[in-house]
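S.K.: Attaching a single structure in structure tokens format; questions to follow.
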Amino acid sequence: MEFIKTNGTSLEVGSETFQFRGFGLGGWFLPEGYMWKMEQHYDRPRKLEQLIIELCGEKYAASFWEFYENNFITEKDIQWIAKERFNSIRLPLNARHLFSENADSYILDQRRFEKIDRVIEWCRKYHIYVIIDMHAAPGGQTGENIDDSENNEPSLFLHDEFVEPLIWLWTEIAKRYKNDDIVAGYDLLNEPLSNRFDYLQNRVMPVYRKLIASIRSFDDHHLIILEGTHWATDFSIFEELTPSDIKSFGPIMLEFHKYWNNPDKESLEKYIKLSKKFNIPLYMGESGENNCEWYTTLFPLCDQLKISWSFWTYKKMDCNNSPKSFPKPTEWDKIQNYLQNKSSPKPSQIESIQIFNNFLNNILIDHKNQNVIRALKREIPILIPCEAYNWHQIKSKRRNGAILREKDPVTIILSNGKIKQPDYRQMAGEPRPKDEEIWVILSDGDEIGYDFFSKFSEILIIVDIRGKGKISIRLEGNDDNLIFQINNRRKFIKTKFSVYQNSNNRVILSCILGEVKFHSIELQPIFS
């Protein structure tokens, strides 16, 4: 492996262009309550730690966390990530567990760093880059559960006493990994400042500047990654930067996060604009927590735009919208009921220990949600929603409908007829509601294309369509051009094609006569 370098808006490894495509290992060294189906009062690490002590006792709690951290993610996970052709992980860390403070100095927790070093060695073995992510800084940088803050305040920006240990900690990390080429870069602060702390925005860049100066006094090699405010969605704090700043910072990359909104280029343009202005690379450091149709629209779009990305989150309890999940433990509802309503009976210590032992046993179950992996790579079998097109040749005039991909001439409508943005808040992976189905309308001479990857040489294409007219379905580079008549009712056209095996392909849908609207294209393998 080699150090990753920047070349304008691109990343490079050696002489080759490089793009991060990987996963955030959320829930491992910094568990969040929602990943355990616990929220509200038990939404962050310190509260989960307190809960286990309360229910099970301190001795059990210590053994619980040791087992959890040694088994929630293992070498097999890194091996699988590499096998599926991804190239990076983003490793969220909690500063509270990385060092201690005595009267006149700070001390690294060497046992914790031994675990981090172990992850890095796994990644070295399987050629996976590691981005070190300060997910929870001293005092908290966001003021919400995700930074493990004590009082829901971003104390890092409220009290100067927290800045010094953060600088010291990042400096120690830089000293430790300055010569390690598996470590790709340093993500200095995860999601600094939620929206309710707008008045503190002018304090973020000064902290970034101090961190950069301290890190660069020891480490010129690694990427330094800067996130915007407002859950890493607002880049306005970077407007003050000058070309001389960018040059003095060394290799840097700007990071944004994206959830529950339009998966289109228009929604990314504010980030792309600043990336081009400063001529530095762009990184979508978090996106996910949605359904697979949203994934197969957004992540291939980032690939097309050469935007690096990291999916959030890799593993959580009882779900189908993360790459891996583990079963809900037996009698977990006893814990949940007690937490939601303290009038519910409190499980005894013996009961609680058994329930949490069931939890630990369940994290060992290696359940893969291959549907998520296929969606990220757009690999069949897969369902591609109509708005996820990669190519178009449209002769008709765009009509009002869904406020989505507005710079394209393609007419996109909602089934309820409303003119508005689609609601993409399918947070648990559920399908879109029926009254908000999205459809694309094609008229005479309109064509639209969808890219996909196939490991198979024979596939079945199923088009969900309605309207009145004639359409053709063909594959780019394939002489077959199949024509179908559509007669008003909703119809599922099924047709077989030979495709380029282990290669990228494009299916093209054309309206020959009349007008049709279609909802999705499903691609399935045919096994000979």
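Derivation of every value follows stated rules applied to the coordinates shown; laboratory data play no part. Note that the coordinates shown come from a computational prediction; the quantities given were computed from them, not determined experimentally. Here the Cβ is made from the backbone with ideal geometry for all residues, glycine too, and neighbour counts use every protein chain on show.
S.K.: ARG85 to SER105: FRET efficiency via 1/(1 + (r/R0)^6), r the Cβ-Cβ distance, R0 30 Å, to the nearest 0.05?
M.R.: 0.10
S.K.: With axes computed from alpha carbons, what is the tilt in degrees of helix 163-177 against the longest principal axis of the chain, rounded to the nearest 10 within 0 to 90?
M.R.: In the chain, helix 163-177 runs at an angle near 70 degrees to the longest axis.
S.K.: So what's the gap between the Cα centers of the range 144-162 and the range 209-272, to the nearest angstrom?
M.R.: So the two Cα centres are separated by 21 Å.
S.K.: With each label point set 7 Å from Cα along the Cα-Cβ vector, what nm distance links TYR199 and ASP245?
M.R.: The modelled label-to-label distance comes out at 2.4 nm.
S.K.: State the answer as a single residue: which of ASN321, PRO45, ILE483 lies farthest towards the positive end of the charge dipole of the chain, with beta carbon charges of +1 for Lys and Arg and -1 for Asp and Glu, about the Cα centre.
M.R.: ILE483
S.K.: I need two numbers for the range 21-126: Rg to one decimal and Dmax as a whole number, Cα atoms only, in Å.
M.R.: Final numbers for Rg and Dmax: 15.5, 48 Å.
S.K.: For every other residue with a beta carbon closer than 13 angstrom to the beta carbon of GLY514, add +1 if it is Lys or Arg and -1 if Asp or Glu, then tell me the sum.
M.R.: Net charge around GLY514: +1.
S.K.: With a cut-off of at most 15 other beta carbons within 10 Å, and DSSP calling the residue loop, which GluC sites (Glu not before Pro) in the range 333-418 qualify? Please list them.
M.R.: For GluC sites (Glu not before Pro) across the range 333-418 that sit outside H, G, I, E and B with at most 15 neighbouring Cβ atoms in 10 Å, the list reads GLU406.
S.K.: In addition: Mind checking the angle between helix 110-126 and the chain's longest principal axis? C-alpha axes, 0 to 90 degrees, to the nearest 10.
M.R.: Orientation of helix 110-126: about 30 degrees from the principal axis.
S.K.: At 0.36 nm per residue, minus the direct Cα-Cα distance, what do PHE113 and ASN337 gain on full extension? Give it in nm, one decimal, please.
M.R.: Value of the extension gain: 77.0 nm.
S.K.: In terms of Cα to Cα distance under 28 Å, which lysines are near enough to LYS494, apart from those fewer than 8 places away along the same chain?
M.R.: Result set, ordered by chain and number: LYS377, LYS395, LYS434, LYS455, LYS468, LYS470, LYS517.
S.K.: Still on this structure, I have one more. List the extent of the Cα atoms of the range 378-525 along each of their three principal axes, largest first, rounded to whole Å.
M.R.: Reported extents, whole Å, longest axis first: 41, 39, 29.
S.K.: Below 9 angstrom from the Cβ of LEU414, what's the summed charge of the other residues (Lys, Arg +1; Asp, Glu -1)?
M.R.: That works out to -1.
S.K.: Which of LYS368/LYS418; LYS125/LYS328; LYS37/LYS418; LYS315/LYS346 have a Cα-Cα distance over 30 Å?
M.R.: LYS368/LYS418; LYS125/LYS328; LYS37/LYS418
S.K.: If you add up the charges near TYR129, with Lys and Arg at +1 and Asp and Glu at -1, over every other residue whose beta carbon is less than 14 angstrom from its beta carbon, what do you get?
M.R.: -2
S.K.: Which value, in debye to the nearest 20, describes the size of the charge dipole of the chain about its Cα centre when Lys and Arg Cβ atoms bear +1, Asp and Glu Cβ atoms bear -1, and nothing else is charged?
M.R.: Roughly 1940 debye, rounded to the nearest 20.
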